[in-house]
Amino acid sequence: MNWNDIVHVIGFPLKIRMVETLLFRRLNLKLFLLLIPALLFFFVFVIFPVFKALHTSFFEDDGINPPSWVGLSNWETVLRSRDIYHSLWLTVEVMILCWVVQTPLSLLLGLFLSKERRSTNILSVFYFTPLLFSAAVVGIAWGYILNPNFGLLAAILTKVFGVSTVPDLLGNPRVVIFTLVAVISWQFIPFHTLLYQSGARSIPAALYEAAELDGVNAWTRLWHITIPQMKNTIITSSVLILTGSLTYFDLIFVLTNGGPGDASNVIALEMYKTAFQQYQFGLGSVVAIIMTIFGLLLSLVLVKVTGFSRMESQMEGV
């Protein structure tokens, strides 16, 4: 073997590595180019508004006169007000109640609809109907239904059950939150039902067949096969319910506008009223930043507690 052959043998792996490096760089460049539209969208509609709101929070701005620098005065005003803490507490209350109501009902409906039957296919059309309507339409419809004077609920209670006094479910500060949670759940349970339906259909039938051969009853199969196999689906649905509760604005705005009094004035509605009804954009920006920080902390806690970022397959070994 001469010197040229030796150089060729030694240089061949180096050439392969150079080609691999070049291809890797080109692949990274293509991936980056594909990510540019998403990054621009994220910057324009997420990053820029957050920093703009943070900048506005240090100014007194009514939308008409030129903004004037006030420093931390807006933050001091908001943090000393009981309204922000009341709104945060109502938001947490709605969040917890929505999870308590939506999770078990969605799970049961999802398991029921996961069975391949003609009746379930027909019922699915009715179950998923609320997903077709916007929150404003749902709010207007339920506002008429729950109206104590001429609503559908009042007609049923008076003419069918003979009730003389119809309760004002949206005008009673003690029950208005529960009423709103019921309406919100009516609208969003179909979405989470769809998640659980897909999760239930992905469970291997071999697990249930083996359990039936061992004489395991339906209740035991539910707790030891179905729910463990749907752990990731339950986590995903729970994260969407809890984080989505921060953005409930339009439905509550249409139904109660935060009333009666401030009994349903969640933080998103508090931000809107402060900025766009009282024309105090500086104070409204402070509320928006507080809501953003609360949402980020909630997301971090959920990811840490539930293990949402490291979910593995539940079908290993099947």
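The values are calculated or read from the model by the stated rules, or taken from the named source; none is laboratory data. This structure is a prediction, so every number in the text was calculated from the model and none was measured. Here the Cβ positions follow ideal geometry from the backbone for every residue, glycine too, while neighbour counts run over all protein chains shown.
Looking at region 270-283 only, could you name the residues that are touching a residue at least 60 places away in the same chain (Cβ under 8 Å) and either outside the structural domain of Leu242 (by TED's automatic domain parsing) or assigned to a helix (DSSP H, G or I) (or both)?
Within region 270-283, Glu270, Phe281, Gly282, Leu283 meet the criteria.
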Checklist line | Which listed residue is under 29 Å from the mean Cα position of the chain (by Cα), modelled with pLDDT under 95 and surrounded by fewer than 12 Cβ atoms within 10 Å (Cβ to Cβ), from Ile16, Ile122 | finding: Ile122
Note to self: Which count do you get for residues in region 178-223 that are farther than 14 Å from Val101 by Cα and among the β-branched types (Val, Ile, Thr)?
What the structure shows: 3
Next item on the list: Output the qualifying pairs, or none if there are none: Cβ atoms under 6 angstrom, residues six or more apart or on different chains, first residue in region 104-127 and assigned by TED's automatic domain parsing to the domain that holds His192, second residue of a type in the set (A, V, I, L, M, F, W, C) and surrounded by 15 or more Cβ atoms within 10 Å (Cβ to Cβ).
Entry: Leu105/Ile189; Ser106/Ile189; Gly110/Ala200; Leu111/Ala200; Ser114/Ala200; Thr120/Leu113; Ser124/Leu113
Note to self: Criterion first (of a type in the set (Val, Ile, Thr) and either surrounded by fewer than 19 Cβ atoms within 10 Å (Cβ to Cβ) or within 24 Å of Leu170 (Cα to Cα) (or both)) does Val286 satisfy it?
What the structure shows: no
Margin query: Suppose we keep only residues that are modelled with pLDDT of 90 or more and among the β-branched types (Val, Ile, Thr) within region 57-81. Which one would you say is nearest to the chain's Cα centre (by Cα)?
Written below: Val78
Next item on the list: Please go through region 82-119 and pick out each residue that is under 18 Å from the mean Cα position of the chain (by Cα) and not in a helix (DSSP H, G or I).
Entry: none
Checklist line | Given (1) under 22 Å from the mean Cα position of the chain (by Cα); (2) closer than 30 Å to Lys115 by Cα; (3) surrounded by 15 or more Cβ atoms within 10 Å (Cβ to Cβ), number of the condition Ile203 does not satisfy | finding: (1)
Check: Is there any pair linking a residue in region 140-158 that is of a type in the set (Phe, Trp, Tyr) to one that is at pLDDT below 90, with Cβ under 7 Å and at least six apart or on different chains, and which?
Finding: Tyr144/Gly151
Check: Looking at region 215-226, is at least one residue aliphatic (A, V, I, L, M), buried (at least 16 other Cβ atoms within 10 Å of the Cβ) and assigned to a helix (DSSP H, G or I)?
Finding: yes
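Does region 165-172 contain at least one residue that is among the charged types (D, E, K, R) and closer than 27 Å to Phe126 by Cβ?
Going residue by residue through region 165-172, those that are among the charged types (D, E, K, R) are 168.
Next cut, closer than 27 Å to Phe126 by Cβ only: none.
No, every residue in region 165-172 fails to be among the charged types (D, E, K, R) and closer than 27 Å to Phe126 by Cβ.
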Next item on the list: Look at Gly63 and say whether it is loosely packed, with under 11 Cβ neighbours inside 10 Å, in contact (Cβ under 8 Å) with a residue 12 or more places away in the chain and of a type outside the set (A, V, I, L, M, F, W, C).
Entry: yes
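If only one of Thr165, Thr179 is surrounded by fewer than 17 Cβ atoms within 10 Å (Cβ to Cβ) and hydroxyl-bearing (Ser, Thr, Tyr), which one is it?
None of the other options fit; the residue is Thr165.
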